[in-house]
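Below is one structure, written out as structure tokens; the observations come after it.
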Amino acid sequence: MTLRILHVLDHSAPLHSGYAFRTLSLLREQRKLGWETVHLTTPKQGPGTSLADEVDGWTFHRTPNTDGVGLIAQMRMTADRLDQVVQETRPDVIHAHSPVLNALPSLWVGRQRKLPVVYEMRASWEDAAVDHGTTTEGSLRYRISRGLESFGLRHADQITTICEGLRADIASRGIPADRITVIPNAVDVATFQFGTPPDPVLRAKLGLEGATVLGFAGSFYGYEGIDLLIEAARRMLPTHPSLRVLLVGGGPREAALKAQAAEAGIASQVIFTGRVPHQDVQRYYELIDVLAYPRLPIRLTELVTPLKPLEAMAQGRMFVASDVGGHRELVRHGETGFLFKAGDPAALVTALEGLLAQRDGWPRIQAQARRFVEVERTWTNSVSRYREVYRRALASRGRTVAELSQAS
């Protein structure tokens, strides 16, 4: 019997996000294990009337949506469409991914159809709301959001999450340890070239010839602390006149960051590329001497591990990262990367100065970082942990799947 898993997703390809990239990596590895995967996105995919889309060989069932519907309406729409897809595809397990707005409809349909539900909490809904500025910690809306998250966690048959920080947060809500499994973020090392020289044409196009390049690649959210990188560059430029900052991506803080660079008088030394196609991002990485991940110390960054440092390790890029909990869980200071005190531009300057002064030691760090992801952070290793998760979820409903019983 082939295991069939129905994944309920906030959004998916062709949208570009860390969420979508993690999803595709999980799906590829689950298919390699011989499992059948079915995929449904919620109204958050965006307005449209399509019931299904083909994207790079993947079929994504869609929830038809008109723009501007509220959260309760979104959940109702998701539940209705999910019930249709369950009847069409007959899955063994419903696997709902964050946010909890996906878990609640999945739990309702799962109970109606007597199917186990696995909930994958990639971040807590209340923390995401704070991050996006729609609520504040301690407010009524925050408490309601946290209550709904805890409700979803209590009622799921099994829970997975992406890191130890979130595992501890889930456990603090009274969830038994045997219902929580960490499926950590990882990388497909085969897709990241190690030690590739920079593209001279792209370097010249961006005006980076002869420059020492600090950089960041990703979404420009406030919690990323990119303003600290610009401030660090301002302080360093008098003694490092060839220094340049390359910012690859875009997001809500882009206009403010451009204004900051202009006000500091270093607009010509800070290069904004705008968003670039995902397949081209590595060409920009290769232009950067030192990547910076100056995330600010807030609850979300203390709990959640990002993908970017792992990608940097896979590519053999040197980097510094703030010492928030999510980074500390990933980075071995002085061995695979370097940590500095979060929120402190002077500490960031010290870390960058120190790293630029010890270029002779870079090859050793680069090799150790690549080895770390090759051994400890592959998607094959991470996804193998789902075997026991699904076995337990099915067992909670008195069911077994032969291939899982034999593998475990």
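Less than 15 Å Cβ to Cβ from T66, Lys/Arg counted +1 and Asp/Glu -1: what total charge do the surrounding residues give? It would help to have the intermediate numbers written out before the result.
Details: positive: K44, R62, R76, R81; negative: D67, D80.
Around T66, the surrounding residues sum to +2.
So who's got an amide H within less than 5 Å of the one on H7, skipping anything under 5 residues away but keeping other chains? H placed 1.01 Å off N, in plane.
V38, H39, L40, H95
Heavy atoms only, probe 1.4 angstrom, no DNA, RNA or ligands counted: give me T160, T196 ranked by accessible area, highest first. Mind dumping the intermediate values first?
Values: T160 0, T196 40 Å².
Order by accessible area, largest first: T196, T160.
Looking at the chain, what % of its DSSP beta bridges pair antiparallel, to the nearest 5? If you can, show how the numbers build up before the last one.
Working: 5 of 50 bridges.
Around 10 percent antiparallel, to the nearest 5.
Straight-line reach from K341: which aspartates and glutamates have a Cα under 20 Å away, not including same-chain ones fewer than 8 places off?
E224, D227, E231, E302, D323, E329, E353
Pull up all non-local amide H partners of G337: gap of 5 or more, or a different chain, and H-to-H distance under 5 Å with H placed in the peptide plane.
Sorted by chain and number, the residues that satisfy this are R332.
According to a simple spin-label model (label point 7 Å from Cα along Cα-to-Cβ), what is the distance in nm between S396 and A256?
Label at A256, label at S396, 3.9 nm between them.
Any idea which of G250, A264, L339 is furthest toward the positive side of the dipole for the range 233-344, if Lys and Arg beta-carbons carry +1 and Asp and Glu beta-carbons -1?
A264
Rounded to the nearest 10 Å², what accessible area does M77 show when all protein chains are kept and the probe is 1.4 Å?
Rounded to the nearest 10, that gives 50 Å².
If you fit an axis through the alpha-carbon atoms of helix 18-32 and take the longest principal axis of the Cα set of the chain, what angle between them do you get, 0 to 90°, nearest 10?
Compared with the principal axis, the helix lies near 60 degrees.
Output wanted: per-residue J couplings in Hz (rounded whole) for the range 368-376, from phi through Karplus 6.51 cos²θ - 1.76 cosθ + 1.60, θ = phi - 60°, x for Gly and Pro.
Each residue of the range 368-376 in turn: 5, 5, 4, 4, 4, 6, 4, 8, 10 Hz.
Considering only the other residues whose Cβ falls under 13 Å of the Cβ of E254, what net charge follows from Lys and Arg at +1 and Asp and Glu at -1? Kindly include the intermediate steps, with their values, before the conclusion.
Working: positive: R253, K258, R275; negative: E224, D227.
In short, +1.
So how do L356, L6 rank on accessible area, 1.4 Å probe, biggest first, that is with the largest at the start? All intermediate terms of the calculation are to be shown ahead of the outcome.
On the way: L356 25, L6 0 Å².
If we order L356, L6 from most to least accessible, we get L356, L6.
Tell me the label only: which of [x] 39, 23, 20; [y] 140, 35, 18; [z] 36, 24, 22 is semi-axes √(5λ) of the Cα gyration tensor in Å as calculated from this structure?
Only one option fits the structure, namely [x].
Is the range 159-222 best put as rounded, prolate or oblate by its Cα gyration tensor, with a ≥ b ≥ c the root eigenvalues, rounded for a/c under 1.5, and otherwise prolate when a/b is larger than b/c, oblate when not? Show your work: numbers first, answer last.
Working: a/c = 5.32, a/b = 2.68, b/c = 1.99.
Taking the square roots of the gyration eigenvalues as a ≥ b ≥ c, the range 159-222 is prolate.
Report the one residue of G18, T2, T63 whose Cα lies farthest in the direction of the positive end of the charge dipole of the range 1-74 (charges on C-beta: Lys and Arg +1, Asp and Glu -1; origin at the Cα centre).
Among G18, T2, T63, the one farthest towards the positive end of the dipole of the range 1-74 is T2.
Using amide H atoms built 1.01 Å from N in the peptide plane, name the residues 5+ places from Y293, or on other chains, whose amide H lies under 5 Å from its own.
Placed amide hydrogens put V320, A321, S322 under 5 Å from Y293.
About the Cα centre, and with charges only on the beta carbon of Lys, Arg (+1) and Asp, Glu (-1), how big is the dipole of the chain? Nearest 20 debye, please.
I would put it at about 820 debye.
How do R173, R146, R385 stack up against each other in accessible area, from largest to smallest, with a 1.4 angstrom probe? Working shown, then result.
Details: R173 35, R146 70, R385 110 Å².
Sorted by accessible area, descending: R385, R146, R173.
Could you run the Karplus curve 6.51 cos²θ - 1.76 cosθ + 1.60 with θ = phi - 60° over the range 49-58 and give me ³J(HN,Hα) per residue in whole Hz, x for Gly and Pro?
Result, rounded to whole Hz: 10, 5, 8, 6, 10, 9, 10, 6, x, 9.
In square angstrom, rounded to the nearest 10, how much accessible surface does K258 have for a 1.4 Å probe?
Taking all protein chains as shown, K258 has close to 90 Å².
The values are calculated or read from the model by the stated rules, or taken from the named source; none is laboratory data. Predicted model, so just to flag it, every value in this text is computed and none were measured. Reconstructed Cβ throughout: ideal geometry from the backbone, glycine too, with neighbour counts over all protein chains shown. In case anyone asks, the SASA skips ligands and DNA or RNA and just uses the protein heavy atoms, side chains included. Shrake-Rupley method; radii C 1.70, N 1.55, O 1.52, S 1.80 Å.
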